[in-house]
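Written below as structure tokens is the structure these notes are about.
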Amino acid sequence: MTSDRLGRILSQGALGDDPAGVGGRLCRACVKELEVVGAALAVVVAGENRGTLGASDDWTAAVEELQFTLGEGPGLDAATSGHAVLEPWLAGSERWPQFGQEAASAGVGAVFAVPLAIGAARFGALDLYRDRPGPLGDGAFVDAVAVAAVATVMVANALSQVPPSPELGLVDILAERRIVVDQATGMVAVQLGVSLEEALVALRARSYTDGHPVGVVAAGVVARRIRFDR
């Protein structure tokens, strides 16, 4: 049976004429209804973070970027394991040494990640943030799982569009960001004489050190404003 709260989330998420903005609307609806201060939809395919399809606000988007930059976090764990990750006291957790410290410093008190999965196929996670420690209520968690199920279908449909549907626009958002990062990784690999995996680590490290999103640093590399030297 669909709860009234879940019904409100799904109806609010569906509002608007822009299909590409449905992820953000769904996340903002989660914030209004689930007693959290931030929500985001992260796409993780084959263990690789492909970016965010939507976030409730800029603060949440920045916290999500930490997971992409650092290569660790609740959304990645939930997407990889296929199980929900619930951390009601982030500052006291040692699960993610770098992400935990950075996110807590940014004001995250608790974080909850629900996987986007259909059977063995995994597509990412619905990440929910609170600015104070404390558990997510049972009812809120049940509704979050239901929202994640709807988001899973949305993401799976988006990723299955070959070529991408011009009306959908979601794949284009992910592809544009990923292409820039992939190009930059290849350039860094050549500059440093290392493997692509090591180059991506170097790119993420530079992003973390400079305090800029990975996408921004990658764009600088592609534009030849940023160079990595041995």
Check your understanding: Which net charge results for the neighbourhood of Ala42, defined as the other residues with beta-carbon distances under 9 angstrom from its beta-carbon, given Lys and Arg at +1 and Asp and Glu at -1?
Key -> -1
Check your understanding: According to a simple spin-label model (label point 7 Å from Cα along Cα-to-Cβ), what is the distance in nm between Glu198 and Thr80?
Key -> 2.2
Point to revise | Test item: Cα-centred dipole of the stretch 4-159, Lys/Arg +1 and Asp/Glu -1 on Cβ, debye | key: 280
Practice item. Could you work out how far apart the two model spin labels at Val190 and Glu48 are, taking each label as a point 7 Å from the Cα in the direction of the beta carbon, and quote it in nm? Key: 1.9
Check your understanding: Once both labels are modelled 7 Å past Cα along the beta-carbon direction, what's the Glu94-Asp58 spacing in nm?
Key -> 3.7
**Study point:** Reported label for calculated semi-axes √(5λ) of the Cα gyration tensor in Å given (1) 30, 21, 15; (2) 25, 23, 19; (3) 31, 22, 18
**Key:** (1)
Review point. Which value at 222 nm does the chain reach when only helices count, each DSSP H run of 4 or more adding -39,500 (n - 2.57), with the total divided by all residues and rounded to the nearest 500 deg cm²/dmol?
Key: -17000 deg cm²/dmol
Check your understanding: What order do you get for 145-154, 184-193 when each peptide is scored by the mean count of other beta carbon atoms within 10 Å, highest first?
Key -> 145-154, 184-193
Study note, to complete from the structure: Surrounding charge for Gly220, neighbours by C-beta under 11 angstrom, Lys/Arg +1, Asp/Glu -1, total +3
Check your understanding: Within the chain, which DSSP H helices have Cα atoms that stretch 20 Å or more along the helix axis and a mean Kyte-Doolittle hydropathy of at least -1.0?
Key -> 138-159, 170-192, 196-210
Point to revise | Full-stretch length increase - Ala205, Lys32 - with 0.36 nm per residue and alpha-carbon distance subtracted | key: 58.8 nm
Study note, to complete from the structure: Ordered by number, the trypsin sites (Lys or Arg not before Pro) in the stretch 27-124 that occupy a DSSP loop and have at most 15 other Cβ atoms within 10 Å are Arg95
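Just so you know, all these numbers are worked out from the coordinates, no wet-lab data involved. Every value quoted in this text rests on a predicted model; they were computed, and no experiment measured them. Virtual Cβ from ideal backbone geometry, glycine too; neighbours counted across all protein chains shown.
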